[in-house]
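Novice: Here it is, the structure, as structure tokens.
The values are calculated or read from the model by the stated rules, or taken from the named source; none is laboratory data. The model shown is predicted, which means the values in this text are computed figures rather than measured ones. For neighbour counting, all protein chains shown are included, and Cβ atoms are generated from backbone atoms with ideal geometry for every residue, glycine included. What goes into the accessible areas is simple: the full protein's heavy atoms, side chains included, and nothing from ligands, DNA or RNA. Shrake-Rupley method; radii C 1.70, N 1.55, O 1.52, S 1.80 Å.
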Amino acid sequence: MSDTAMTADATTNRTGVYLAVLQLVFTLGWTTYVIYLPKLAAQVGIAPTAVILILMLDQAIFTITDTAMGIAADRIAPFVGRLGAFVGVVTAVSCAAFVALPFVAGTGPGAQVWFITLIVVWVVTSSALRAPPLTLLGKHRAKPAIPFLSALAMLGYGLAGAVSPYLGVVLRNHDARLPFVISGVVLLLTALALSRVERDLSQQPVSAQKPAESAKPLGQMPMFFVASMVLLSLGYQLHFSINSAPFFLRFAKPDDLQWLLPVFWIGFNIAMFPASVVVKHRGGLIVMGAAGLLGALAVLGAEFAGNLNMLIAAQFVAGAAWGCMLMSAVAAALAIGDTGAEGKVVGLVFSALALATFARMAAVAGGLQKLPEYAPLLQWAPVACWSVAGAGLLVIAASRVQQSAQLRRV
């Protein structure tokens with residue numbers, strides 16, 4: 001291997017690790033916010049029942065701003081260094097608003113309007129840390145490297161998911177100001193490093209950035225891809241956030257949940273890397289579809305598990321399936337580099353995640369999980385979402401393979 005190729009590989013690996021750290025720090029900051037929001041809201045006179053409405057507002061904003069930030073990244077990325085500067089400036093505003101939240105809340109009910117304003121500013125600006133950094137992969141990396149880099153980036157998301165139950169236990173009785181300051185400062189420092197990452201990527205040889213034939217663009221079906229992502233995300237939200245804890249409580253005590261719920265994320269983190277090899281050679285749509293069907297079977301296994309060990313195994317497989325779905329979705333979105341719309345499609349993926357989260361929160365706010373007549377709907381919805389989306393994606397993937405074969409014969 002030449003020195004140039006080794007340098008390109010080293011830069012690629014550093015980029016993936018950086019994106020993993022960025023996603024980890026950002027997601028842990030969001031977790032810190034969710035943990036403390038009820039206490040902070042109470043300090044400014046917001047009723048506990050309104051906290052879920054604030055969280056729904058956050059997700060509604062993400063649904064719009066994630067795509068908007070992705071579109072902005074597409075327009076800025078061609079100018080080397082500007083995307084990193086854009087993300088750095090916006091993140092500085094975001095972190096300032098985030099750090100200010102517990103201090104403003106501490107002044108009492110008179111600061112209620114300022115408290116809500118800071119939340120809105122933080123949520124809008126924090127979208128700059130979701131799609132735009134990942135856009136760099138589609139703009140500057142050779143396409144065969146994208147699946148592995150997507151797995152690395154989503155590893156940060158998965159690690160944060162695994163740590164979140166413990167973080168809730170550790171932070172529950174501590175003052176909010178120090179965790180908010182630490183989270184905000186670390187996130188800002190991490191985001192400011194994006195400019196250096198962007199310059200390193202842009203200095204790689206053109207041959208390292210040339211698209212590979214094996215990674216084909218999504219063509220004319222991005223909206224079907226995004227609709228499928230909404231279904232897959234909704235299946236994840238309903239299964240993990242609503243159904244998983246009751247599943248475990250059939251065999252375990254509430255205090256054991258902090259040790260059992262991370263099993264899902266262990267499967268998530270482990271499965272992405274071998275799956276990225278399949279994505280590299282077969283494409284993201286096939287892996288998304290197959291993982292959707294596998295996840296549906298795993299959820300069925302969790303439904304009918306007869307003991308704790310069977311349930312743990314089913315949750316591990318369900319987490320592995322979701323990891324494959326999310327990683328391959330990001331890789332597939334980034335694979336449309338020929339159109340220059342990587343940021344837009346990645347933004348739409350994150351918007352789909354936010355929309356599904358909003359739907360899950362709306363179900364919780366409406367008390368659907370407590371109504372006997374809706375219990376079967378919530379129980380079987382994850383299976384339906386993952387199986388329908390998975391089957392549809394496999395059909396589309398098979399159709400694209402057939403079309404490619406016909407074009408080669410011509």
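Novice: Counting only residues that are in a helix (DSSP H, G or I) and polar (S, T, N, Q), which one in the range 272-309 is least open to solvent (accessible area, probe 1.4 Å)?
Specialist: The selected residue is 276.
Novice: Could you tell me whether residue 251 is outside any helix (DSSP H, G or I), closer than 21 Å to residue 379 by Cα, open to solvent by 20 Å² or more (accessible area, probe 1.4 Å) and of a type outside the set (Gly, Ala, Ser)?
Specialist: Yes, satisfied.
Novice: Going by the conditions given, is residue 167 modelled with pLDDT of 90 or more and open to solvent by 20 Å² or more (accessible area, probe 1.4 Å)?
Specialist: No; evaluated as a whole, the condition is false for this residue.
Novice: Give me a count of the residues in the range 362-391 that are open to solvent by 70 Å² or more (accessible area, probe 1.4 Å) and without any contact (Cβ under 8 Å) to a residue 60 or more places away in the chain.
Specialist: 6
Novice: Among the numbered criteria (1) part of a helix (DSSP H, G or I); (2) farther than 26 Å from residue 288 by Cβ, which one does residue 59 miss?
Specialist: (2)
Novice: Name the single residue, out of those in the range 342-352 being modelled with pLDDT of 85 or more and open to solvent by less than 20 Å² (accessible area, probe 1.4 Å), that is farthest from the chain's Cα centre (by Cα).
Specialist: That would be 345.
Novice: Here is a check on your reading of the model: is residue 331 open to solvent by 40 Å² or more (accessible area, probe 1.4 Å), farther than 24 Å from residue 123 by Cα, in a helix (DSSP H, G or I) and of a type in the set (Gly, Ala, Ser)?
Specialist: no
Novice: Considering the range 24-66 alone, what residues qualify as being farther than 22 Å from residue 359 by Cβ, of a type in the set (S, T, N, Q) and open to solvent by 10 Å² or more (accessible area, probe 1.4 Å)?
Specialist: Within the range 24-66, just 43 meets the criteria.
Novice: Checking residue 159 against (1) in contact with a Phe, Trp or Tyr (Cβ under 8 Å, 6 or more places away or on another chain); (2) modelled with pLDDT under 90; (3) surrounded by fewer than 24 Cβ atoms within 10 Å (Cβ to Cβ), which test does it fail?
Specialist: Result: residue 159 passes all but (2).
Novice: Still on this structure: Going through 113, 44, 99, 90 one at a time, which residue ends up being out of contact with any helix residue (DSSP H, G or I) (no Cβ under 7 Å at 6 or more places or on another chain) and of a type in the set (Val, Ile, Thr)?
Specialist: None of the others qualify; the one that does is 113.
Novice: Separate question: Taking interchain pairs and intrachain pairs at least six residues apart, which have beta carbon atoms under 9 angstrom, with the first residue in the range 61-77 and over 26 Å from residue 361 (Cβ atoms) and the second among the aromatic types (Phe, Trp, Tyr) and open to solvent by 10 Å² or more (accessible area, probe 1.4 Å)?
Specialist: Sorted first by the residue in the range 61-77, then by its partner, the pairs are 72/86; 73/86; 76/86.
Novice: Restricting attention to the range 75-132, report how many residues are touching a Gly at 6+ places or on another chain (Cβ under 6 Å) and closer than 25 Å to residue 51 by Cβ.
Specialist: 5
Novice: All but one of (1) free of Cβ contacts under 8 Å to residues at least 12 places away in the same chain; (2) within 22 Å of residue 357 (Cβ to Cβ) hold for residue 113; which doesn't?
Specialist: Status for residue 113: all satisfied but (2).
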